[in-house]
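Here is the structure we will look at, set down as structure tokens.
The values are calculated or read from the model by the stated rules, or taken from the named source; none is laboratory data. For clarity, every value in this text was computed on a predicted model and none was experimentally measured. Ideal geometry is used to build each Cβ from the backbone, glycine not excepted, and the neighbour counts take in all protein chains shown. Please note that ligands, DNA and RNA were not included when accessible areas were found on the heavy atoms of the full protein model with its side chains. Shrake-Rupley method; radii C 1.70, N 1.55, O 1.52, S 1.80 Å.
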Amino acid sequence: MKSETSLPDLILLVAGGDRRALRSIYQRESTRLFGIANAVLRDRDAAADAVHDAFVRIAGRAGQFDVTRGAASAWLGAIVRYAALDIARARGREIPSDDPALGDSAIPPEAIELLDAKAEGARLRACLQTLEERIRNGIILAFVHGLSHAEVAARLNEPLGTVKSWIRRGLLRLRDCLA
Amino acid sequence: MTPEERQALAAEYVLGTLDAATVRMVSMAAAADPILAEEIADWEVALAPLQDLAPPEAPPPELWERIAQTLEPTAAKRAPSGSSSWFWPAWSFGATVVAGSLAAILLVRPAAPPERMMTVLLSSRDQPAWVVEADGAGLRLAALNPRAAPEGRTMQLWALPQGATAPTSLGLIPRESGQVRVSASQIRPEPGMLIEITLEPPGGSPTGRPTGPVLFIGTLAPATGT
């Protein structure tokens with residue numbers, strides 16, 4: 001596999017059953033993807049399970065990747081996040097908790113500036129900035145660290161129902177802003 | 001569902017805040033509701049930049065080997081051809097996700113060493129659910145986590161050869177059975193063939209075409225070396 005083969009082309013090759021292409025994707029993306037899984041699970045063994053499950057899914061559904069629908073890396077990242085979230089849910093994430101392990105790894109407010117590195121990220125950031133800070137933080141915590149509504153509520157020290165409706169309203173505002 | 005509720009549900013599905021039961025419900029709904037599926041895809045694109053906020057981290061060194069083992073379980077353990085004993089080795093799926101037992105597999109023996117193909121059928125939530133192995137002699141399916149269809153419904157197996165416009169029914173999946181075999185007289189497996197399981201009324205689809213939601217789907221691919 002030549003290293004210059006693009007990620008979308010590698011996914012196409014995987015759809016045709018090419019396992020070496022899958023391996024190339026792994027070599028190129030696994031550090032980023034493992035980071036996504038570990039941010040959700042904060043447990044390297046569980047994150048490895050998530051990346052494992054994700055690559056089995058990628059092998060099985062590479063044919064569904066639509067290059068016109070967004071970046072290949074985003075597609076891969078979404079599959080890994082769903083795999084990690086499935087594991088988090090299977091472990092009973094729904095129990096509200098102040099996870100102390102999250103203390104240091106939670107996304108600091110300035111990290112959002114990382115989004116400016118890419119055009120679509122800068123746009124999302126600009127829209128996130130229009131939201132109230134705690135709603136913005138709730139959305140980012142949920143996405144990056146896989147927190148449930150109950151866990152976001154516990155971290156923000158707000159009632160569950162309030163947080164649910166904040167997040168819902170925030171997401172809908174985000175959609176209007178991005179449209 | 002109002003358009004606004006649908007939007008919000010799609011967004012929360014992608015954000016990841018929904019509980020397991022609601023996620024299952026949204027997945028099932030999306031399989032039958034292209035607008036919902038489209039909205040989920042839109043949200044995936046919209047929120048994707050947030051992936052970059054997770055700090056990259058190197059995975060354990062043995063992880064690729066484990067993935068390769070799952071996808072090619074027989075490659076290292078069985079002679080590539082001529083073996084007539086169909087032994088299904090232990091799989092190394094992540095125990096937390098695929099906790100169920102891997103059912104033993106029942107088979108039609110191949111007459112000659114044919115091209116081997118495989119796929120993993122995924123649920124609408126992308127859970128690996130069935131392992132399919134195929135060759136010139138037919139198809140063999142083994143459930144990773146055997147589960148019966150809801151009361152009053154049945155699961156039906158279909159194959160769609162590449163270029164075909166309508167799938168061929170391969171029959172019903174026996175209730176509470178984790179294994180299915182399909183002989184080559186019913187279907188000639190080939191790479192690119194879509195294999196799917198749908199939820200149908202008792203006795204199977206009355207129309208000869210899938211009428212219910214797709215529960216599991218995958219595409220046969222040659223089982224080549226890594």
Handout entry: Listed residues A:Leu115, A:Leu12, A:Leu147, most fluctuating in chain A (Gaussian network, C-alpha, under 10 Å)
Key = A:Leu115
Handout entry: Rounded accessible area per residue of region B:141-191, 1.4 Å, Å²
Key = 52 Å²
Handout entry: Prolate/oblate/rounded label for region B:36-76 (Cα gyration tensor, a/c 1.5)
Key = oblate
Exercise for the section: Just tell me how shielded B:57-69 is by partners: mean number of partner chain Cβ atoms within 10 Å of each residue's Cβ, no decimals. Expected result: 6
Fill in the blank from the handout: Computed for chain A: size of charge dipole around the Cα centre, +1 on C-beta of each Lys and Arg, -1 on C-beta of each Asp and Glu, debye to nearest 20, value 460 debye
Exercise for the section: Indicate the helices, whole DSSP H runs only, in chain A that combine a mean Kyte-Doolittle hydropathy of -0.5 or more with a Cα extent along their long axis of 20 angstrom or more. Expected result: A:19-41, A:44-61, A:72-90, A:160-178
Exercise for the section: Would you mind classifying region A:1-91 by shape? Square roots of the alpha carbon gyration tensor eigenvalues, ordered a ≥ b ≥ c; an a/c under 1.5 is rounded, otherwise it is prolate if a/b is larger than b/c and oblate if not. Expected result: prolate
Exercise for the section: May I ask for the accessible area buried between chains A and B, both sides summed, probe 1.4 Å, to the nearest 100 Å²? Expected result: 5900 Å²
